[in-house]
1. Using a/c under 1.5 as the rounded threshold, could you call the range 25-160 rounded, prolate or oblate? The axes a ≥ b ≥ c are square roots of the C-alpha gyration tensor eigenvalues, and prolate needs a/b larger than b/c, oblate otherwise.
2. Could you sort 118-124, 61-67 so that the peptide with the highest average Cβ count within 10 Å comes first and the rest follow in order?
3. Explain nothing, just the number: relative contact order of the range 25-160, from Cα pairs under 8 Å at least 6 residues apart, as a whole percent.
4. For W124 and I148, calculate 0.36 nm times their separation in residues minus their Cα-Cα distance, and state this gained length in nm to one decimal.
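Values in this text are rule-based calculations from the coordinates and carry no lab data. Just so it is clear, the model here is predicted, and its values are computed rather than measured. Cβ placement follows ideal geometry from the backbone for every residue including glycine, while neighbour counts extend to all protein chains displayed.
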Amino acid sequence: MTTRVLVLCAGVLFLSIGATAGEVTHVEHFGEEFSGDIVTTPIGEILRDPDGWVGQRVRIAGEISGVCTEQGCWMDLKSAEDSTLRVKVDDGVIVFPQDSVGHLAQAEGKIEILDLEREKYEAWLRHVAEEEGRDFDPAELGEAPYRIIRLRGLGAEITGP
């Protein structure tokens with residue numbers, strides 16, 4: 001056989017093995033490139049002590065459990081241990097695809113905490129409920145302090161079929 005035929009056969013074999021093993025996926029990158037020296041931090045670890053992480057650049061990973069329905073300006077990543085962290089980006093700078101819910105993703109950015117007064121926190125929760133197409137439940141308000149802990153996203157990768 002010629003070299004060209006061998007290379008072609010090897011390529012077809014590789015693709016067929018990958019396709020049957022479910023390993024052929026598409027990765028789409030959004031925003032800034034990832035830093036090479038940052039390892040993935042579990043979302044639960046960040047949420048256990050968010051104040052200790054404020055301002056630090058981190059990478060998180062999980063399944064996309066929600067995406068902004070208006071401008072694609074945020075996505076929620078849910079980890080294997082059921083911890084969820086919102087990745088928020090500036091409107092229009094990065095647009096997360098609405099059909100990416102259920103896909104795996106990684107995001108890199110800086111942890112931030114927004115401390116809000118009760119009225120502003122309630123208004124934010126009402127806005128989120130509206131975006132998600134559901135009624136606002138006042139029980140969501142909970143007790144003070146009223147904080148939003150999120151990742152200010154700089155870059156992300158979404159893995160799809």
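1. On the way: a/c = 1.80, a/b = 1.30, b/c = 1.38.
Judged from the Cα gyration tensor, the range 25-160 comes out oblate (a/c at least 1.5, b/c at or above a/b).
2. On the way: 118-124: 13.7, 61-67: 18.9.
Highest-to-lowest ranking by the protection proxy: 61-67, 118-124.
3. Relative CO of the range 25-160 lands at 33 percent.
4. 7.7 nm
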